[in-house]
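S.K.: Structure provided below as structure tokens; questions to follow.
The values are calculated or read from the model by the stated rules, or taken from the named source; none is laboratory data. Worth saying up front: this structure is predicted, and the values here are computed from it rather than measured. With ideal geometry, Cβ positions are generated from the backbone for all residues, glycine too; neighbour counts draw on all protein chains shown.
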Amino acid sequence: MSFFINQLIIGIQLGSQYMMMALGLTLIFGILDISHFAHGHIYMVGAYLLYTFSVLAGINYWVALPICMIILALIGVLVERLVYRPLRGSPSINTFIAAIGLLLAIETLVRGIKKDAVRVPVPVDRSVSVLGMSLEVQRIIVILGALLILLMLQWFIKRTRLGIAIEAMAQDREGASLVGINVNRISALTFAIASALAGVAAVLMAPLGAITPEMGNPLILKAFVIVVIGGLGSMKGAIFGGYILGVIEALGVAYISSTYKDVFAFALLIVILAFRPTGLFGERAA
Amino acid sequence: MLELRDVRCSIGKHEVIHGVSLRVEEGELICLLGANGAGKSTLFRTISGVVRPRSGEIIFRGEPIHRLGPDRIVRLGISLCPEGRKLFPRLSVKKNLMMGAYTRYRNRVEVKMSFQEVFELFPILEERLDQDAGTMSGGEQQMLAIARALMARPKLLMLDEPSLGLAPLVVKRIMETIQEINRRGVTILLSEQNAAMALSISHRGYVMENGKIVLEGSSQELMDNEEVKRAYLGA
């Protein structure tokens with residue numbers, strides 16, 4: 001039983017990471033209809049930024065967190081402005097290719113600077129025992145940190161003028177511009193938020209594993225699976241989908257086999273799409 | 001107040017507005033008649049900045065606006081209540097109206113007054129404040145669309161086919177409200193297929209066919225015109 005609960009906590013922690021990534025993707029998809037395949041690589045850049053600040057520059061981990069978020073938000077704005085905006089109105093295959101190109105460019109650039117895997121020390125290097133099993137404190141930090149960010153994002157989207165404008169634009173782009181919403185500014189804002197979310201995920205998760213130039217690849221695949229499972233453009237779907245996938249993966253690894261770690265996500269995708277082609281909360285077919 | 005000079009627009013490669021010129025004076029209620037596909041909606045979207053004209057000029061209160069984006073044009077005082085309404089279906093009535101006042105967020109007191117004003121015009125909206133816009137009836141949605149456009153406090157309100165698909169009783173109600181909005185000092189440009197109804201409330205009118213203005217005059221003149229009678233009034 002305690003083993004099960006321990007795996008469950010690890011699953012929720014994995015799910016927290018997935019959720020933050022999927023939320024960003026689904027926000028961007030909802031607003032711009034863009035499949036931002038380079039989002040996982042934005043996450044990877046966030047992890048390297050953390051390494052740069054906390055290991056190379058010796059800045060405190062908790063100070064490095066907001067710095068990484070802000071820098072990633074700015075990178076997100078640049079990506080929207082320089083890569084995606086010039087392609088607006090062109091066939092979606094073009095944005096598709098641009099996203100893949102961006103992903104390769106970022107990965108190659110980072111590999112050129114630092115080829116080998118690096119590590120960041122855990123800020124709170126302790127474990128607590130949960131029902132007789134030991135659990136790293138960092139995992140609890142990931143879970144609570146993600147929850148806090150989630151609540152802040154919900155408040156922003158549901159209660160503030162700019163947040164509601166994001167939803168409004170996702171629901172009717174022309175209607176949004178007709179009430180005076182500057183759609184370019186909202187697009188940039190959405191990219192900033194999504195990239196900052198990837199930044200939080202990266203900074204919280206980085207101390208738990210190795211940082212490599214390829215680390216964004218499996219993550220982006222799973223984040224996309226979650227977005228499709230949850231329903232394209234649905235925030236609720238990204239949240240539930242993220243946690244569901246995290247838990248299934250952790251339990252699958254524990255009770256079936258770790259060899260199939262990355263298979264569970266896609267099995268889940270196939271099963272859910274077979275019964276609900278629009279995803280759990282979606283209105284649009286995937 | 002608003003002047004279009006030889007405005008031409010294309011959608012894709014095809015020119016759909018072939019040199020339209022028209023004037024709207026402060027305080028007027030102008031109707032724009034024309035069949036489906038005559039170019040009325042494209043003309044409205046062009047004035048709003050959603051579509052850029054290929055050539056020609058659009059002057060609003062002495063200022064050329066044909067190169068501005070839609071958000072700037074709303075700020076200058078032109079609101080469009082578009083064909084098909086373009087509401088935010090999964091946002092509440094209240095949030096739809098809040099978004100209508102998007103450009104005026106700095107003046108909370110005035111926005112509150114605007115809420116009162118649209119509730120006076122459309123009492124049903126106050127009852128439905130927390131309902132999602134997409135779950136309301138067609139007539140209610142049309143009222144919300146007009147109310148949302150009013151929340152920006154426009155000097156010129158453009159209404160694109162507000163009666164489309166609504167029951168006759170609702171149409172009558174909406175037309176009366178449009179007249180009331182005009183009486184309160186908002187200049188109105190109204191496009192309609194329901195020519196009799198539109199001419200009965202407007203001061204002047206233009207008739208559009210195949211992307212051109214083919215006829216203009218006071219509403220009375222248009223009502224008496226044989227061509228208009230035959231083509232639009234079904235007499």
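S.K.: Between a first residue in segment A:165-176 that is facing chain B (nearest Cβ under 7 Å) and under 16 Å from A:Q154 (Cα atoms) and a second residue that is buried (at least 22 other Cβ atoms within 10 Å of the Cβ) and of a type in the set (F, W, Y), which pairs have beta carbons less than 6 Å apart while being 6 or more apart in sequence or on different chains?
M.R.: Taking only residues 6 or more apart or on different chains, the pairs are A:A168/B:F88.
S.K.: Moving on to the next point. Looking at segment A:107-129, I want the residues that are under 12 Å from A:L208 (Cα atoms) and have a partner that is acidic (D, E) and in a strand (DSSP E or B) with Cβ atoms under 9 Å, at least 6 apart or on another chain. Which pairs are those?
M.R.: A:V122/A:E136; A:V124/A:E136; A:D125/A:E136
S.K.: Can I ask one more? Taking segment A:97-129, which residues are assigned to a loop (DSSP other than H, G, I, E, B) and either touching a Leu at 6+ places or on another chain (Cβ under 8 Å) or of a type outside the set (K, R) (or both)? Explain how you work it out, then say what you get.
M.R.: Of segment A:97-129, the ones assigned to a loop (DSSP other than H, G, I, E, B) are A:114-117, A:119-126.
Those that are assigned to a loop (DSSP other than H, G, I, E, B) and either touching a Leu at 6+ places or on another chain (Cβ under 8 Å) or of a type outside the set (K, R) (or both): A:D116, A:A117, A:V120, A:P121, A:V122, A:P123, A:V124, A:D125.
S.K.: Kindly indicate which of B:E180, B:E126 is surrounded by fewer than 24 Cβ atoms within 10 Å (Cβ to Cβ), of a type in the set (D, E) and out of contact with any Leu (no Cβ under 7 Å at 6 or more places or on another chain).
M.R.: It is B:E126.
S.K.: Any residue that is in contact with a helix residue (DSSP H, G or I) (Cβ under 7 Å, 6 or more places away or on another chain), farther than 23 Å from B:V74 by Cβ, buried (at least 22 other Cβ atoms within 10 Å of the Cβ) and without any contact (Cβ under 8 Å) to a residue 60 or more places away in the chain - is there at least one of those in segment B:186-197?
M.R.: Within segment B:186-197, not a single residue is in contact with a helix residue (DSSP H, G or I) (Cβ under 7 Å, 6 or more places away or on another chain), farther than 23 Å from B:V74 by Cβ, buried (at least 22 other Cβ atoms within 10 Å of the Cβ) and without any contact (Cβ under 8 Å) to a residue 60 or more places away in the chain.
S.K.: Something else about it: Which pairs turn up if I take residues in segment A:208-228 that are assigned to a helix (DSSP H, G or I) and look for partners that are β-branched (V, I, T) and modelled with pLDDT under 90 with beta carbon separation below 8 Å, at least 6 apart in sequence or on another chain?
M.R.: Matching pairs, first to second residue: A:L208/A:V122.
S.K.: May I pose another question? Being within 30 Å of B:E227 (Cα to Cα) and within 14 Å of chain A (Cβ to nearest Cβ): is that true of B:E28 here? Break it down stepwise before answering.
M.R.: Values: within 30 Å of B:E227 (Cα to Cα): yes; within 14 Å of chain A (Cβ to nearest Cβ): no.
Criteria not met by B:E28.
S.K.: For segment A:182-192, does any single residue satisfy the condition of being among the hydroxyl-bearing types (S, T, Y), more than 14 Å from chain B (Cβ to nearest Cβ), part of a helix (DSSP H, G or I) and touching a residue at least 24 places away in the same chain (Cβ under 8 Å)?
M.R.: Checked segment A:182-192: at least one residue is among the hydroxyl-bearing types (S, T, Y), more than 14 Å from chain B (Cβ to nearest Cβ), part of a helix (DSSP H, G or I) and touching a residue at least 24 places away in the same chain (Cβ under 8 Å).
S.K.: Right, here's the next one. Does A:Q154 satisfy the criteria of being of a type in the set (S, T, N, Q) and more than 14 Å from every other protein chain (Cβ to nearest Cβ)?
M.R.: Yes; evaluated as a whole, the condition is true for this residue.
S.K.: Still on this model: Assess whether A:I256 counts as being buried (at least 24 other Cβ atoms within 10 Å of the Cβ) and either away from chain B (no Cβ under 14 Å) or more than 30 Å from B:K86 (Cβ to Cβ) (or both).
M.R.: Working: buried (at least 24 other Cβ atoms within 10 Å of the Cβ): no; either away from chain B (no Cβ under 14 Å) or more than 30 Å from B:K86 (Cβ to Cβ) (or both): yes.
No: the conditions fail for A:I256.
S.K.: Keeping to segment B:82-105, report how many residues are more than 8 Å from every other protein chain (Cβ to nearest Cβ), over 20 Å from B:R128 (Cα atoms) and buried (at least 21 other Cβ atoms within 10 Å of the Cβ).
M.R.: 0
S.K.: Could you please give the count of residues in segment B:143-155 that are of a type outside the set (D, E, K, R), within 14 Å of chain A (Cβ to nearest Cβ) and either surrounded by fewer than 19 Cβ atoms within 10 Å (Cβ to Cβ) or assigned to a helix (DSSP H, G or I) (or both)?
M.R.: 6
S.K.: Which residues, taken from segment B:27-37, are surrounded by fewer than 23 Cβ atoms within 10 Å (Cβ to Cβ) and among the small types (G, A, S)?
M.R.: B:G27, B:A35, B:G37
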